[in-house]
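The values are calculated or read from the model by the stated rules, or taken from the named source; none is laboratory data. Keep in mind that this is a model prediction, so the values were computed, not measured. Here the Cβ positions follow ideal geometry from the backbone for every residue, glycine too, while neighbour counts run over all protein chains shown. Side chains are part of the model used for accessible areas, which takes the heavy atoms of the whole protein and leaves out ligands, DNA and RNA. Shrake-Rupley method; radii C 1.70, N 1.55, O 1.52, S 1.80 Å.
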Amino acid sequence: MYAQIMARALADGDFRALITTKNYQTTRTLDHPEGIVLTSTVLGAVEGEELGQLTLLGGKSGFTEASGQCWGSLWRKGQGEYIVVVLGCPPQGREHIDTTLELMDSI
């Protein structure tokens, strides 16, 4: 179901632009006159790694005690785009990333 929600959301150009942006500068506010730079933890997670034919386009991560580390990501391999969702991983480490890479390697 999470992958279906993400697929529908990606059809919206604004959502797709947001989720595939590595850094985003917010507008100025009274508390933050320079704005705030937001950085994608998903896109930074594999930065510098050799991914072969894979390209991480974007995604969303999250964590709660009940659900563990969760990762919904959008990848390109060859001419195809793939949504990969990994749920319930330990809060520390890279199990969610490694599991995603293993899944993408099987395509």
Where residues in the stretch 3-22 are over 13 Å from the mean Cα position of the chain (by Cα) and open to solvent by 80 Å² or more (accessible area, probe 1.4 Å), which of them is farthest from T99 (Cα to Cα)? D14
Within the stretch 66-79, does at least one residue satisfy the condition of being under 18 Å from A9 (Cβ atoms), among the aliphatic types (A, V, I, L, M) and open to solvent by 20 Å² or more (accessible area, probe 1.4 Å)? no
Within the stretch 23-38, can you find the residues that are more than 21 Å from R76 (Cβ to Cβ) and loosely packed, with under 12 Cβ neighbours inside 10 Å? Q25, T26, T27, R28, T29, L30, D31, H32, P33, E34, V37
